[in-house]
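First comes the structure, then the notes that go with it.
Only the coordinates and a few stated rules stand behind these numbers; no lab work does. The structure displayed is predicted, hence computed values, not measured ones. Ideal geometry is used to build each Cβ from the backbone, glycine not excepted, and the neighbour counts take in all protein chains shown.
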Amino acid sequence: MLGSPSTSLPRIGFFGGSFDPVHNGHLSLAKQAVEQADLDTLLLCPAYHAPLRLEEPFFQATDRLAMVERIASEHAKLEVFAHEIRQGKVCYTRDTLLALAEKFPKTEILLLLGADQFVKLPQWKFVDDLVRLVTFLVFSRSSEVNLDEPPLPELRYQRMNNELIDLSSTLVRQKIQNGQCVKNDLPGPAYEYLKKHSLLQPASAS
């Protein structure tokens, strides 16, 4: 299903990711999601360690959480859901969303997801549970217009018309490693946090 809200319940958005580090692209997407999907709240959920990520996060979980908390404090409809950081382990999206549904009953949960991952949903673990739990809020990563709807029964989704921003956490980490300035790539609170805690220095080779 594509388009308008599927229920009259309060709408809570869920935006999960490593946020390693959180950057201006993340914040822009979050703000556009709130506006376009008419969300009452958007929850930012930093992963302790993403299930498909092989390497360790560049920044510690406590630092990634602190940056997201500082950003959310400056935006009325952004909040932090620290469930995965508190678990201290790899968490599957299904399990996190079950915890979220328990915490916020009688709401419609919208899972913010890139179009590239949306079309791969049939390959996800526990996807049938996810389809029952959420409405997918699908954002574009490229200028590709067409979106192939996954063949999943009872799938609910809404597509965003989001601004495309050529920025990634990988690029920001590379710039930090190369000793380049990332002030223009990060929201002010995140940059100031990293600066204050001397986390903008290239990691020493060892």
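Laid out as a table, the results:
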{"read-out": "Antiparallel DSSP beta bridges within the range 61-202, as percent of all bridges there, nearest 5", "value": "0 percent"}
{"read-out": "Long-range HN-HN contacts of G16 with modeled amide H, under 5 Å", "value": "C45, L112"}
{"read-out": "Paramagnetic reach from E163 (point 7 Å along Cα→Cβ, amide N under 14 Å) across the range 7-28", "value": "24-28"}
{"read-out": "Radius, Kirkwood style, for the range 66-170 when every pair of distinct Cα atoms is counted (Å)", "value": "15.6 Å"}
{"read-out": "Cα-based convex hull volume of the range 111-206 per residue, rounded to whole Å³", "value": "162 Å³"}
{"read-out": "The chain - mean residue ellipticity at 222 nm from DSSP helices (-39,500 (n - 2.57) per run, n ≥ 4, rounded to 500)", "value": "-9500 deg cm²/dmol"}
{"read-out": "Order of V134, V80 - criterion: other Cβ atoms within 10 Å of each residue's Cβ, fewest first", "value": "V80, V134"}
{"read-out": "Between helix 61-72 and the chain: long-axis angle, C-alpha atoms, 0 to 90°, nearest 10", "value": "70 degrees"}
{"read-out": "Near-label residues of the range 25-66 by backbone N, under 15 Å of a point 7 Å along Cα→Cβ of K89", "value": "48-51"}
